[in-house]
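Report on the structure given below.
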Amino acid sequence: MSPILTDEHPYGEEWVYQLKWDGFRIIAWVHEGTVELYSKKMLLRNNSYPDLVQALSQYSGTFLLDGEAVILDGATGQPNFQLMQQRDKLTDASLISRAATRNPVQYIMFDLLRLGDLDLRGLAYEERRAQLQRLTEAWEPPLYLADEFEDGDAIWSWVVQQGWEGMVCKTRWGKYSEGKDHQDWFKRKTILHFDVDIVGVIWKSGRISSLVMRRGEQYFGRISSGLNERVKTRLRQLRAHSQQEDYFCELPEGLRNADVRWLDIPLEARVSGRETTAQGLLRHPRLIDLGGIPL
């Protein structure tokens, strides 16, 4: 079940509010100590998060949890998506073990979909929440029950002041519905996050000045905020012999007269921004993660 993006949060006694945790969505299936962790695309992630597997395996019974795996920044106490992205890309068991010690993953649980033989998805959210509270009452870190709030204005003000990503709004009676075919979960963000492709490097006066973003098949704008010399050094080493036509049928207006060198292989990136324009460009973009290159 995915929350629907909204510009204004809903009001009313039927709504409750939670912080939006900036990490990776994880479904956890536990059956008498055997644990299976699944990504949002339902890929098995046990090898990536053996620490969470171990933590969940301590609890008996059969249950299916929905939650967010996050790494908290030691300096700010906030979820750090870049650290989470780096952790998720590790495949070597020894590197994963060291990363788990250095930056442990927390699992923030916010829903219970199955308990024993009972499928709870057809129950009202407040009933699922009550059963989740009872199930996890004595559980210990790194497993946490997501906090819930009654005052949407107050939590939104706190989110803005503290610089969190946003909040999620849920109806008390809503059932658990796959995808976004519902009106029961909404999310309001202070900062938008996007997964994009970096397809070109823009040079100015003999130096790298910015990057070209593409989202889907569309030009998404330039980005320079978040670049540092270490990243620029790596970018200089990449092959850039492609042509504009390999990415765009026509040269985007924002790239006219720019010295663009088109990458042979696009780089996956995660970026943040305040909003998208009517032309489909990202305003105030900032680079969060770039193809595994440390920022």
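The values are calculated or read from the model by the stated rules, or taken from the named source; none is laboratory data. These numbers were taken from a predicted model, which means no experiment stands behind them. A quick note on method: Cβ atoms are made from the backbone with ideal geometry, for glycine too, and the neighbour counts reach across all protein chains shown.
The table below lists the values:
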read-out	value
Within the range 1-116, helices (runs of 4 or more DSSP H) holding 1 or more residues that are in contact (Cβ under 8 Å) with a residue 40 or more places away in the chain, in contact with a strand residue (DSSP E or B) (Cβ under 7 Å, 6 or more places away or on another chain) and not assigned by TED's automatic domain parsing to the domain that holds R274	50-57, 81-88
Selection within the range 50-64 - surrounded by 21 or more Cβ atoms within 10 Å (Cβ to Cβ) and under 21 Å from D117 (Cβ atoms)	L56, F63
Among (1) farther than 15 Å from P142 by Cα; (2) under 21 Å from the mean Cα position of the chain (by Cα); (3) at pLDDT 95 or above; (4) not basic (K, R), the one test that L52 misses	(1)
Selected residue [under 28 Å from R172 (Cα atoms) and at pLDDT 95 or above] from G23, G61	G61
Single residue of I288, I198 found to be within 30 Å of S157 (Cβ to Cβ) and of a type in the set (V, I, T)	I288
